[in-house]
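First comes the structure, then the notes that go with it.
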Amino acid sequence: MAGQPSKLRKRPEFLRVASRGRKVATPGLVLQVLKTDEEAPARVGYTVTKKVGNAVVRNRTRRRLRAALARVASEVDLSAVDLVLIGRDSTRGRPFDKLIGDLAHALKKGQAL
């Protein structure tokens with residue numbers, strides 16, 4: 001990996017990735033990938049809708065996504081991309097090794113598109 005990923009923070013950044021990027025859905029999560037022109041580290045955003053649960057459940061789901069990305073990031077080149085990881089209701093109950101597999105598959109498929 002080309003450095004620690006920074007965060008997508010503002011709504012327009014999330015919307016830009018959603019409108020221009022590629023979307024890969026897996027049983028554990030949805031990944032949106034947008035390649036950028038610059039050779040900067042990846043920028044990552046996490047989102048979980050209120051349909052998933054209350055704030056405690058949504059934050060736990062986000063933490064699981066962050067931990068999964070930390071595990072997978074060493075195996076995949078994450079430079080010059082913006083990523084949005086969207087937590088699903090199944091994200092919180094999915095076994096962690098399967099969640100990591102879902103994310104690795106989505107990253108490889110999303111960057112190959």
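The values are calculated or read from the model by the stated rules, or taken from the named source; none is laboratory data. Note that the structure is predicted; figures quoted are calculated from it, not measured. With ideal geometry, Cβ positions are generated from the backbone for all residues, glycine too; neighbour counts draw on all protein chains shown. Calculation scope for accessible area: heavy atoms of the full protein, side chains included, ligands and nucleic acids excluded. Shrake-Rupley method; radii C 1.70, N 1.55, O 1.52, S 1.80 Å.
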Any hit, the range 42-52, residues being over 18 Å from K109 (Cα atoms) and open to solvent by 90 Å² or more (accessible area, probe 1.4 Å): yes
First in the range 85-113 and over 14 Å from L31 (Cβ atoms), second anywhere and open to solvent by 90 Å² or more (accessible area, probe 1.4 Å), Cβ under 8 Å, 6 or more apart: D89/K51; R92/R60
The range 19-39, residues that are open to solvent by 30 Å² or more (accessible area, probe 1.4 Å) and of a type outside the set (S, T, N, Q): R20, R22, K23, A25, P27, K35, D37, E38, E39
Any hit, the range 88-103, residues being open to solvent by less than 10 Å² (accessible area, probe 1.4 Å) and outside any helix (DSSP H, G or I): yes
Any hit, the range 33-44, residues being in a helix (DSSP H, G or I) and of a type in the set (A, V, I, L, M): no
Members of the range 58-84 that are under 15 Å from L29 (Cα atoms) and in contact (Cβ under 8 Å) with a residue 24 or more places away in the chain: R58, R60, T61, R62, R64, L65, A67, A68, L69, V72, L83, V84
